[in-house]
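This report refers to the structure that appears directly beneath it.
Each reported figure results from applying straightforward, stated rules to the coordinates on display, with no laboratory input. Computed from a predicted structure; not experimentally measured. Please note: Cβ atoms are built from the backbone with ideal geometry, for glycine as well, and neighbour counts cover all protein chains shown.
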Amino acid sequence: FSDPASNLGLEDIIRKALMGNMEEKQE
Amino acid sequence: NRMHLVCPMNTSPYVDPQKSGHSIWEEFSMSFTPAVREVVEFAKRIPGFKDLSQHDQVSLLKAGTFEVLVVRFTSLFNVKERTVTFLSGRKYSVEALRSMGAGDLLNSMFDFTEKLQALNLSEEEMSLFTAVVLVSADRSGLENVNSVEALQETLIRALRSLITKNHPNEIAIFTKLLLKLPDLRSLNNMHSEQLLAFKVHP
């Protein structure tokens, strides 16, 4: 159980919350 | 048949025994999601964080969100009254939570809170310390350790400078703060074990 964040959905929440930032960076 | 979920990132520690483990998790997830989003927004405001690779931004947040939340929500733990305030605003005593199954993690959270609150940090100091907690180059899965390390060093220097300026006669505060980092790792590990227990026995 090395990655509870992925297993329990935290990663998904983080990625979605970061999305705006990431899109800015890609532009 | 889990009856309690003793995490203050929840509206209440009581769980409807008729609900499935999946729906309990869904509800819990909806409760803590806004707090996680706030951590991400906080991270975005750390100068230099957005310059890290997307992969490393996600890795740092995955590994450090719980620790950031512990620091941000120490106010939920009332050390004098020995109570914990849940998201609904309702307070529960340590004894009540213990009877619901809370164990070592709860005690450790109180110990950590008491020590951190004793330092009487300003909002600015707390915010910079939280940034240091999040930007740690020894988190697993980082692809560009050097970049994270450089940002970490910059933040630690800024924290030391701020503490020295605000507490010229108490430079030990800076050392005490750095010693909180392994405490937070330990809390994080204990919390992961609780999450595992939740997953195996929801």
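Things to note:
- Each peptide in B:81-94, B:12-25 receives the mean, over its residues, of other Cβ atoms within 10 Å, and ordering these scores from highest gives B:81-94, B:12-25.
- The protein assembly as shown - Rg and Dmax from Cα coordinates, angstrom: 18.1, 58
- In summary, the convex hull built on the alpha carbon positions of region B:46-178 has an orientation-averaged projected area of 9.4 nm².
- Reach of B:Lys19 by Cα under 14 Å, taken over aspartates and glutamates that are not fewer than 8 positions away in the same chain: B:Glu27
- Whole-angstrom gap from region B:5-40 to region B:132-154, using each part's C-alpha centre: 30
- Simple Cβ-charge dipole of chain B, Lys/Arg +1 and Asp/Glu -1, about Cα centre, in debye nearest 20: 260
- To the nearest ten degrees, helix B:123-134 and the longest principal axis of the Cα atoms of chain B are 80 degrees apart.
- Taking a sphere under 15 Å around the Cβ of B:Thr11 and counting the other residues whose Cβ falls inside, with K and R at +1 and D and E at -1, yields a net charge of 0.
- Nearest 10 degrees, 0 to 90: helix B:104-118 Cα axis against chain B principal axis: 40
- Near B:Tyr14, the amide H atoms lying under 5 Å from its own belong to B:Leu5; only residues 5 or more places off or on other chains count, and H is placed 1.01 Å from N.
- In sequence order, region B:157-168 has phi-based couplings of 4, 5, 5, 4, 5, 5, 5, 4, 5, 7, 10, x Hz under the Karplus curve 6.51 cos²θ - 1.76 cosθ + 1.60, θ = phi - 60°, and Gly or Pro positions carry x.
- Here's the list of lysines a cross-link from B:Lys62 could span, going by alpha-carbon distance under 22 Å and ignoring same-chain residues fewer than 8 apart: A:Lys16, A:Lys25, B:Lys44, B:Lys50, B:Lys180, B:Lys199.
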